[in-house]
Amino acid sequence: MPVDYEINAHKYWNNFYKIHENGFFKDRHWLFTEFPELAPSQNQNHLKDWFLENKRSEVPECRNNEDGPSLIMEEQHKCSSKSLEHKTETPPVEENVTQKISDLEICADEFPGSSATYRILEVGCGVGNTVFPILQTNNDPGLFVYCCDFSSTAIELVQTNPEYDPSRCFAFVHDLCDEEKSYPVPKGSLDIIILIFVLSAIVPDKMQKAINRLSRLLKPGGMMLLRDYGRYDMAQLRFKKGQCLSGNFYVRGDGTRVYFFTQEELDMLFTTAGLEKVQNLVDRRLQVNRGKQLTMYRVWIQCKYCKPLLSSTN
């Protein structure tokens, strides 16, 4: 039975979006509180300032106003001091020339958004409830947003949305677990990668390689942002006997699957992929449905991991 859910995963997700279309989802306007990196003022200069500010302060936590309200802060670490020191140094002439050649090679490749100065990719975009708020809020002419989903039905809904602008956005079908299929952007070309309730939908054994491939797409200093289900979330506790496929990995009634993470598991995935922790916290909330007189104890995990800045070479 677990094999069926893996082989026919695309069918289950396509059916999900055919049933719900746009009516099931709400735009995630909380994005800019929890992930200010996506707001209009956020760009490469901000990221440089962020690294420099942490270097000056020599404090191992990131700024509180970037954590968002009602979030419980736990162990946070700045990016390595070696990376920070390099940001203020003048690279050797040879490295400078190499970097310029590398830039030319990337620009020479014809790919969507090749002329953009700030690139964001959302993996598992669904019907666009993260992508469209970003496009509506961020008018930066240098911004280009990529979005992909496992479901062709979901991508069709994104592309037919009146807000979809091919000059600023490129939506495409992609299987996060497909090791043979490449992303439509060069390595080292993305500033931000967003993973919101998507990593939990794939088989645990395939998560590490998926994160490794995404990590290679980030620029030095680029950030990977994640929000996903935490261990013992109410949704996990409500699963019935027979719905557990493996440890903490379940199948819903519609055939879609979900995994419930610990902070340590996510930290291992990201650091193994060569990324450094900026934020890894638990968001615990009590939701009340007055209509059904239900209270739900929700547990989510939110992470931010950065790709180290290039270390200087002698």
What does a probe at residue 239 reach in the range 249-272, counting residues whose amide N is under 17 Å from the point 7 Å along Cα→Cβ?
249-263, 265-266
Give the carbon-plus-sulfur fraction of the accessible surface of the range 199-254 in %, rounded to a whole number; probe 1.4 Å, heavy atoms of protein chains only.
53
Could you list the trypsin sites (Lys or Arg not before Pro) in the range 147-187 that lie in coil according to DSSP, counting only those with at most 14 other Cβ atoms within 10 Å of their Cβ?
181, 187
When N counts the residues of the range 222-314, how does its alpha-carbon radius of gyration compare numerically with 2.2 N^0.38 Å, as a ratio?
1.39
Would you mind calculating the gained length between residue 298 and residue 163 on full extension (0.36 nm times residue separation, minus the Cα-Cα distance), in nm to one decimal?
45.5 nm
How many Å² of accessible area per residue for the range 121-259, probe 1.4 Å?
38
Residue 111 versus residue 136: modelled label distance in nm, points set 7 Å from Cα along the beta carbon direction:
3.0
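The values are calculated or read from the model by the stated rules, or taken from the named source; none is laboratory data. Because the structure is predicted, anything quoted here is derived from the model rather than measured. Positions of Cβ are backbone-derived with ideal geometry, glycine not excepted, and every protein chain shown enters the neighbour counts. Note: areas computed on protein heavy atoms with side chains; ligands, DNA, RNA excluded. Shrake-Rupley method; radii C 1.70, N 1.55, O 1.52, S 1.80 Å.
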